[in-house]
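We did not get these values from a lab; they are worked out from the coordinates using the rules stated. Since the model is a prediction, treat every value here as computed from it, not as a measurement. FYI the Cβ positions are ideal-geometry reconstructions off the backbone, even for glycines, and counts take in every protein chain you see.
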Amino acid sequence: MSASTRPAEAGRTVSSVPQHPRLRVIEGSKRRSRLSASATVAASHASHVRPMVQVMAAIAFLAVSLVGSLLLRTQMVQDSFEITQVQNSIGVLTQDVQDGQTKLDTLESSLPEKAEKLGMKPQSTSVVLDLSEYIKQQSAAQKN
């Protein structure tokens, strides 16, 4: 027996080499056959350029996003610093107002003592001024 054949049932011989489908040449359209070698290379290059353009666009988008993110973060930190400065200024001004109010209260409380030192006497009764007669006299004088 040979290595390529072996006995099979019912007297058939079976080949030990697996059978592959037969390959055949399929001729392209006339347009395809007319393309020169340089056109084939250009077409092949164009098919590789498209993914490269997409990769470059993605990289550019990521770079712009990164720069934008850094700029936003920088602006937020700067704004936060300015807010802190304004809050500190408000605190200082509030303290100044409280100091001024305390000084005013102290001066108002010492006012009666200073008035007595100048020889003034406190009023025991209140005085009401009625200006209605004065207004009547003024209007009568203007008519004459």
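Projecting label points 7 angstrom from Cα along Cα→Cβ for E82 and L129 puts them 5.2 nm apart.
Sorting 121-130, 64-73 by average packing, meaning the other beta carbons within 10 Å per residue, from highest down gives 64-73, 121-130.
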